[in-house]
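The values are calculated or read from the model by the stated rules, or taken from the named source; none is laboratory data. In this text, all values refer to a predicted model and were calculated from it rather than measured experimentally. Counting neighbours? That spans all protein chains shown, and the Cβs are built from the backbone with ideal geometry, glycine included.
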Amino acid sequence: MFRLIFYLLCTVFLITFVRGVIGVVMKGLSALLNPAQAPPRRPAGASVPLTGELKRDPVCGTYIATSTSLKHGDGPETVYFCSAACRDKFLLSAAGKWGTA
């Protein structure tokens, strides 16, 4: 009985070891046959700030840092946008609301 359990445990460990070795070999072959492209690097000035005030985009509701957002001065109030598309949608809806084009 103990011999059977010993053989089963040895078999499990052997299979695990062989799977690990085969996995390492296959990853190495894959890296040789398909060299991975380096991920694109961000320019040094385009880093995302870790601190700062967040404002809500009125179109999509995304919170965006004031230092990286697109701004539109609407009288005494400044509106912040996450993208040019949201800014354009806001300006079009404001133009339609007031009847100006």
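If you scan the range 75-94, which residues turn out to be part of a strand (DSSP E or B) and surrounded by 11 or more Cβ atoms within 10 Å (Cβ to Cβ)?
THR78, VAL79, TYR80, PHE81
Does at least one position in the range 37-52 carry a residue that is in a loop (DSSP other than H, G, I, E, B), under 30 Å from LEU92 (Cα atoms) and modelled with pLDDT of 85 or more?
no
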